Amino acid sequence: MNSSVIGKFAENAVNFLFQHFRGGFDAFSAALGAVVKLLEDGLASIPFIAMLIILMAFALWRRGVVFSAFVGVALLAIHYMGLWAQTVSTLALVIAATFFSLVIGVPLGIWGARNKRVEVVLRSLLDFMQTMPAFVYLIPAVILFGLGRVPAVIATIVFAMPPVVRLTTLGIKQVREELLEAGRSFGSTDSQLLWKIQLPNALPSIMAGVNQTIMMALSMVVVASMIGAGGLGEYVLSGIQRLDIGIGFEGGLGVVLLAIVLDRLTESFGVKAKKAKPGARTAKTGARAAART
């Protein structure tokens with residue numbers, strides 16, 4: 001089956017990048033690979049018992065006794081199935097992909113909220129990123145960066161970044177106009193309005209975007225394992241290839257337990273930020289502080 005003109009154009013574009021910028025892609029791949037490996041080695045160096053205590057204490061602080069007990073049971077179940085090393089590898093990939101998604105996505109969301117034309121362009125681009133099948137991202141990623149964790153992280157960033165961009169834009173645009181007027185009346189600049197009023201009030205929406213980005217990154221685990229990402233996805237893929245229900249179920253259960261833990265923990269930040277969302281009086285206080293700086 002031969003590709004059409006559009007397919008040929010996409011193929012030629014990727015080949016052009018590979019032929020003319022191969023050195024740059026190799027350098028970027030080495031740097032990103034070093035970051036992911038450093039993160040994975042750092043997590044792997046923490047003994048399981050220490051990690052268990054840390055996460056249970058963190059869960060107790062954020063969600064209470066019941067969820068802390070659930071975290072303990074979930075981690076013990078993962079360890080009992082012999083999947084702790086794979087879980088650490090998956091966690092490192094998710095953290096790296098989420099971090100870079102936020103570094104890129106939050107500024108884009110702010111830019112889109114403050115510029116109508118940018119928002120229109122971003123909306124179309126994000127629609128494309130979210131509707132394109134995730135498997136398609138793997139082809140150019142492998143060509144440009146080779147096999148391994150680096151193309152997996154790149155493909156995961158492309159797939160997982162749209163929610164944080166959309167919800168950052170939405171959160172900033174939904175800040176009440178009277179709060180902005182209060183800031184302007186005290187002489188705040190645009191940057192002071194952003195940092196003192198818009199971002200604090202948009203924080204619940206931004207945290208919801210962070211939560212969704214993490215969940216979408218986890219959903220790429222199995223797909224990314226097809227290009228050598230490793231972790232729990234590779235365990236699930238092995239079960240599929242061997243038609244082994246037990247292996248597939250254990251790997252899938254590990255992904256589910258990790259997803260629940262990360263989902264509830266990140267969700268707690270959004271809930272508490274919403275409860276602490278400043279009102280008009282707080283905004284005026286922030287505006288006065290901004291005007292003095």
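Values in this text are rule-based calculations from the coordinates and carry no lab data. These figures come from a predicted structure and were not determined experimentally. Note that each Cβ is placed from the backbone with ideal geometry, even for glycine, and that neighbours are counted across all protein chains shown.
For the chain, the mean residue ellipticity at 222 nm estimated from helices alone is -28000 deg cm²/dmol, where every DSSP H run of n ≥ 4 contributes -39500 (n - 2.57) and the total is divided by all residues, rounded to the nearest 500.
By the gyration tensor of its Cα atoms, with a ≥ b ≥ c the square roots of the eigenvalues, what is the shape of the chain: rounded for a/c under 1.5, prolate for a/b over b/c, or oblate? Judged from the Cα gyration tensor, the chain comes out oblate (a/c at least 1.5, b/c at or above a/b). Using C-alpha pairs under 8 Å with a sequence gap of at least 6, the mean separation divided by the residue count of the chain gives a relative contact order of 22 percent.
Taking 8 Å as the Cα distance limit and 6 or more residues as the minimum spacing, I'd like the relative contact order of the range 5-105 as a percentage. 28 percent. Extending 7 Å from the Cα toward the beta-carbon at both A34 and I240 defines two label points whose distance is 3.4 nm. Once the Cα-Cα distance is subtracted from the 0.36 nm per residue extended length, the S4 to S191 segment shows a gain of 62.6 nm. Legend: helices of the chain (whole DSSP H runs) are marked when their alpha-carbon atoms reach 30 angstrom or more along the helix axis and their mean Kyte-Doolittle hydropathy is at least -1.0; marked are 22-44, 84-114, 245-275. The stretch between Q19 and D127 holds 36.0 nm of extra length on full extension. This uses 0.36 nm per residue minus the Cα-Cα distance. By its C-alpha gyration tensor, with a ≥ b ≥ c as the square roots of the eigenvalues, how is the range 125-218 shaped: rounded for a/c under 1.5, else prolate for a/b larger than b/c, else oblate? Since a/c reaches 1.5 and a/b is larger than b/c, the shape of the range 125-218 is classed as prolate. Shape analysis of the range 69-228 places it in the oblate category; the axes a ≥ b ≥ c from the Cα gyration tensor give an a/c of at least 1.5, with a/b not above b/c.
From largest to smallest, the equivalent ellipsoid semi-axes obtained for the range 47-158 from the alpha-carbon gyration tensor read 34, 21, 11 Å. Take the Cα of L60, step 7 Å toward its Cβ, do the same at R117, and the gap between the two points is 5.6 nm.
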